[in-house]
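The values are calculated or read from the model by the stated rules, or taken from the named source; none is laboratory data. None of these values were measured; they are calculated from a predicted model. Here the Cβ positions follow ideal geometry from the backbone for every residue, glycine too, while neighbour counts run over all protein chains shown.
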Number of protein chains: 2
Amino acid sequence: VIIVVCLNPALDVTHHVDAVDWGGVNRPRTVRTRPGGKGLNVARTLHALGVDVLVLGLAGGITGAGVETALRERCVPAAFTPVGGETRRTFSVVDDSRVTAFYEPGPAVSEEEFAGFRRGYEQALDGAAAVVLSGSLPPGLADGTYATLIETAAAAAVPAVLDTHGEALRRGAAAGPAIVKPNLTELTALAGPAASSALAPPADRAPDLATAAAAAGQLRGAQAVVVTLGPDGLLAATGDGCWRARATAAVTGNATGAGDAVAAALAHGLVLGRPWDERLRHAAALGAATAAAPVAGEFRRQDYLDALTAVTVEEVR
Amino acid sequence: VIIVVCLNPALDVTHHVDAVDWGGVNRPRTVRTRPGGKGLNVARTLHALGVDVLVLGLAGGITGAGVETALRERCVPAAFTPVGGETRRTFSVVDDSRVTAFYEPGPAVSEEEFAGFRRGYEQALDGAAAVVLSGSLPPGLADGTYATLIETAAAAAVPAVLDTHGEALRRGAAAGPAIVKPNLTELTALAGPAASSALAPPADRAPDLATAAAAAGQLRGAQAVVVTLGPDGLLAATGDGCWRARATAAVTGNATGAGDAVAAALAHGLVLGRPWDERLRHAAALGAATAAAPVAGEFRRQDYLDALTAVTVEEVR
């Protein structure tokens, strides 16, 4: 089983409105509600790949119960530790021209509540093939939370994939996970703007590996760093070398969902023990297929198969 | 006990945002979730007045469970008949200058589901003092639904108060409820624009009762018609005569909540058997106190007591 840790899950509500009347009353044409938060996208992608998965996290209140129901309806196994606060909603209004999002804050989590989560986590690690730690931390949890969970996993010989941002990412990397998967924005926030242009240069130039390596140095401790570059694919710095993977056709669409699909594919490849070039082909193809789908955490199998043949993976020296 | 029928309840979610970034990502300063829909406002007002109340209605899905939880937290007794569809949310974004609302559609209700509701309703009528039927009908229920429920109540000798709009209001009135309580917009929609100016003339002129009577004729069958005029108070046409009730100080604020408070007060006065002028004083004061409160279904007791002395009730001939 792959454990997916989602400490700050969400219920994603999306309203499609023909033309928003700002300041007025709108009656949305369609309403979609689904489990959200990066970890739940990862779990749904793994589940769709046929991988045995278990979501562990924190959930509370009306919305927490809603997240649990929504996962149950999708047959994704989950065990949430209850918290007194209210799980957050993300609310998105989509009209023809744009998306306006409202992100509620997550519930404040107490030490006792988190201690309850850790007990369940330690038990679940027994026999787990890998753990994916994904998304933001709710209020009340320290920046070192993921680092601690990675160390606990390492003590149980379970490799970890980390996908988060900021200080939680830097400290998590230092705990030695198998893979960290920042996107370009997250890496730039840690390593400065020079990292962006080095990692995602104009189409006719190769990535500037010296600067990229310096940027990746901000994630010292991680055994491999895979940076998602949006439409430009992936760049991976691993113990076995550096690779770049790209879809030959332009990829546009849902960037958040695509990054979560890449994290899922990397965990999947890790568990299967595949060589890095294969892992990256799988990850880039799954990311492209998910970006093309209207909803994060979902992809069409045919899009994935098509993308697999359209991905180039090249070693970068 | 007063039964409050709420066939299309809602979970009201309000985000307060300092300055909305339309097309961007917003992180609301405060998030409030509460039971919504006109019937639930009526029930909460009656509960706050110390009246024994029972909410009956239809609820489904994640949001339906949320409505039930939110009522339980507020100690308002409720028995919802489950439906397969998803109870609606109303989502409001409040910034410094305006309110933008998104109203989800209610769940489609099947004949079998409504038959289940009716069985519970008929049982609950035994021993009830009155029934309030309030708000919109969810998709799938016919315009004659309230009329049928009023006839069922009459057969059990339980008087009914009806607060809805459109054809459901017109047909409900024809079934002979004790009171119908349209607002000016709802009455104008049925009776045409002349009704508005007749019922809410400039401050220096009396209501044009001939036109008002013609407008009220659209609600033929009702034993009394009470029209809420917003800041201008109430106008009542009853078997005992016509009255106008107004707060002497200007009332502004939450018009929806105020109308629901008026419906609650009218049901309360009906059950207590108070004369019409007293009922209207109570209703106008409760409406004013509720309009002044930030949240529909709530009022400060002192605001209500202050408003009671500031309401004038005059017979109109």
Of these, B:101, B:48, B:65, B:59, which one is farther than 24 Å from residue A:33 by Cα and among the aliphatic types (A, V, I, L, M)? B:48
Taking residue B:97 as the residue in question, decide whether it is at pLDDT 95 or above, over 23 Å from residue A:66 (Cα atoms) and surrounded by fewer than 19 Cβ atoms within 10 Å (Cβ to Cβ). no
Could you list, in sequence order, all residues of the stretch B:1-59 that are among the hydroxyl-bearing types (Ser, Thr, Tyr) and within 28 Å of residue A:88 (Cα to Cα)? B:14, B:30, B:33
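Condition check ((1) in contact with a strand residue (DSSP E or B) (Cβ under 8 Å, 6 or more places away or on another chain); (2) surrounded by fewer than 17 Cβ atoms within 10 Å (Cβ to Cβ); (3) of a type outside the set (Val, Ile, Thr); (4) not in a helix (DSSP H, G or I)) across all residues:
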position	(1), (2), (3), (4)
A:161	yes, no, no, yes
A:169	yes, no, yes, no
A:177	yes, no, yes, yes
A:185	no, yes, no, no
A:196	no, no, yes, no
A:202	no, yes, yes, yes
Within the stretch A:4-42, considering residues that are part of a loop (DSSP other than H, G, I, E, B) and charged (D, E, K, R), the one nearest to the other protein chains (Cβ to nearest Cβ): A:27
Against the definition (within 10 Å of chain B (Cβ to nearest Cβ) and over 21 Å from residue A:105 (Cα atoms)), how does residue A:1 come out, yes or no? no
Looking at the stretch B:284-317, which of the residues that are assigned to a helix (DSSP H, G or I) and touching a residue at least 60 places away in the same chain (Cβ under 8 Å) is nearest to residue B:239 (Cα to Cα)? B:286
Filter result for residue A:246 (basic (Lys, Arg) and assigned to a strand (DSSP E or B)): yes
So which residues in the stretch B:29-48 are in contact (Cβ under 8 Å) with a residue 40 or more places away in the chain and surrounded by fewer than 24 Cβ atoms within 10 Å (Cβ to Cβ)? B:32, B:34, B:48
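Could you please let me know if residue A:308 is among the aliphatic types (A, V, I, L, M) and in contact with a His (Cβ under 8 Å, 6 or more places away or on another chain)?
Details: among the aliphatic types (A, V, I, L, M): yes; in contact with a His (Cβ under 8 Å, 6 or more places away or on another chain): yes.
Yes; evaluated as a whole, the condition is true for this residue.
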Farther than 18 Å from residue B:260 by Cβ, aliphatic (A, V, I, L, M) and touching a helix residue (DSSP H, G or I) at 6+ places or on another chain (Cβ under 8 Å), is that true of residue B:65? yes
Of (1) touching a residue at least 12 places away in the same chain (Cβ under 8 Å); (2) surrounded by fewer than 24 Cβ atoms within 10 Å (Cβ to Cβ), residue B:21 fails just (1)
Considering each of A:72, A:44, A:27 in turn, give the residue that is in contact with a strand residue (DSSP E or B) (Cβ under 9 Å, 6 or more places away or on another chain), of a type outside the set (Val, Ile, Thr) and closer than 27 Å to residue B:100 by Cβ. A:27
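Residues that are touching a Ser or Thr at 6+ places or on another chain (Cβ under 9 Å) and away from every other protein chain (no Cβ under 14 Å): find the strands (runs of 3 or more DSSP E) completely inside the stretch A:53-130 holding 3 or more of those.
Here the list reads A:53-59.
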With respect to residue A:259, is the statement that it is buried (at least 24 other Cβ atoms within 10 Å of the Cβ), small (Gly, Ala, Ser) and not in a helix (DSSP H, G or I) true? no
Options B:276, B:243: the member that is surrounded by fewer than 24 Cβ atoms within 10 Å (Cβ to Cβ), under 18 Å from residue B:180 (Cβ atoms), in contact with a Ser or Thr (Cβ under 8 Å, 6 or more places away or on another chain) and not charged (D, E, K, R): B:276
